[in-house]
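Structure first, commentary second.
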Amino acid sequence: MSAIRLLVLGAVRQHGRAHGYQVRNDLEYWGAHEWSNAKPGSIYHALKQMAKQGVLLAHEIAPSTAGGPPRTEYELTDTGQEEFFKLLREALSRHDQKIDVLSAGIGFMVDLPRAEAVALLKERVRGLQQWRSAVTEFYTPEEGPESLGHIGEIMNMWVYSADTGAEWTSGLIERIERGAYTFAGEGEPFIGVLPEGVENPYASQGTPDRERQ
């Protein structure tokens with residue numbers, strides 16, 4: 001699973017309808033260009049591909065009075081809504097997600113009901129625990145990695161990753177269960193997108209012509 005698909009769908013969904021430069025602006029505002037493959041080319045490619053797949057609906061918008069090429073605005077179709085939540089649930093529940101996918105999932109977790117987010121994260125903890133058990137069938141952490149030669153360092157890293165991943169996820173679950181954050185159906189949702197015309201303090205330098213798409 002690629003983080004870019006979830007990120008782009010989530011950004012468009014928060015706007016309701018957005019053009020490519022708005023989506024890029026949001027992802028840079030979130031710092032996603034630093035921790036994922038959310039680069040300009042990937043963003044525009046994802047928008048166009050998902051429009052072809054029926055996940056997004058593309059609207060051709062007339063150019064402004066200042067001139068320039070027409071823009072395309074996108075919104076999620078019903079299929080796109082289903083795809084967004086499918087990817088979000090996978091990002092939160094699977095123990096073997098890459099860090100950028102998990103990060104994207106955490107960024108949109110409040111789009112789910114609180115109880116469902118907790119259940120998905122608990123599934124992730126169970127997956128990490130099962131992975132740890134599978135590794136320790138061949139490796140005993142108490143004996144240290146040297147017992148298997150330098151290859152033991154690989155299994156030691158896996159055990160450490162499982163332990164720290166489960167600890168972090170359990171801490172997040174506890175905070176959510178104590179009432180942290182506002183989840184779907186609980187009140188005014190969190191909107192982390194920049195309004196049209198607001199300058200992004202984290203934007204890349206330069207504005208290529210394609211950004212008007």
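Nothing in this text is a laboratory measurement; each read-out follows from the coordinates by a stated rule. Worth saying up front: this structure is predicted, and the values here are computed from it rather than measured. Note that each Cβ is placed from the backbone with ideal geometry, even for glycine, and that neighbours are counted across all protein chains shown.
Pick out which of L27, L172, L128 has the largest mean-square fluctuation in a Gaussian network model of the chain, springs linking Cα atoms closer than 10 Å.
So, out of L27, L172, L128, the one fluctuating most is L172.
Under a straight-distance cross-link criterion of Cα-Cα below 17 Å, which lysines are reachable from K39, leaving out those fewer than 8 residues away in the same chain?
K39 reaches K48.
Pulled fully out, how much extra length does the chain show between E116 and Q81, if you take 0.36 nm times their separation in residues and subtract their Cα-Cα distance?
On the way: separation 35, 0.36 × 35 = 12.60 nm, distance 1.68 nm.
So the extension gain works out to 10.9 nm.
Give, in nm to one decimal, the length gained when the segment between L148 and Y181 is fully stretched (0.36 nm per residue of separation minus the Cα-Cα distance). Before the final figure, lay out the partial values.
Details: separation 33, 0.36 × 33 = 11.88 nm, distance 4.48 nm.
Working it through step by step, the gained length comes to 7.4 nm.
Identify all aspartates and glutamates with a Cα-Cα distance to K52 below 18 Å; exclude those on the same chain that are fewer than 8 residues away in sequence.
E60, E73, E75, D78, E82, E83
By count of other Cβ within 10 Å, fewest leading, how are F183, F138, F190 ordered?
F138, F190, F183
For the chain, state the average projected area of the convex hull of the C-alpha atoms over all orientations, rounded to one decimal in nm².
Numbers: hull surface 58.5 nm².
For the chain, averaging the hull's shadow over all directions gives 14.6 nm².
To the nearest 20 Debye, how big is the dipole of the range 48-127 about its Cα centre, given +1 on the beta carbon of each Lys and Arg and -1 on that of each Asp and Glu?
I would put it at about 340 debye.
Which of I176, I61, I4 comes first, and how do the rest follow, when ranked by fewest Cβ neighbours within 10 Å?
I61, I176, I4
Could you give P(r) for the range 42-161, binned at 5 Å from zero, as whole percent values over all Cα-Cα pairs?
With 5 Å bins starting at 0, P(r) equals 2, 10, 13, 13, 12, 11, 10, 9, 7, 5, 4, 2, 2, 1, 0.
Using the number of other C-beta atoms within 10 angstrom as an exposure proxy, rank E83, E137 with the fewest first.
Fewest-to-most ranking of E83, E137: E137, E83.
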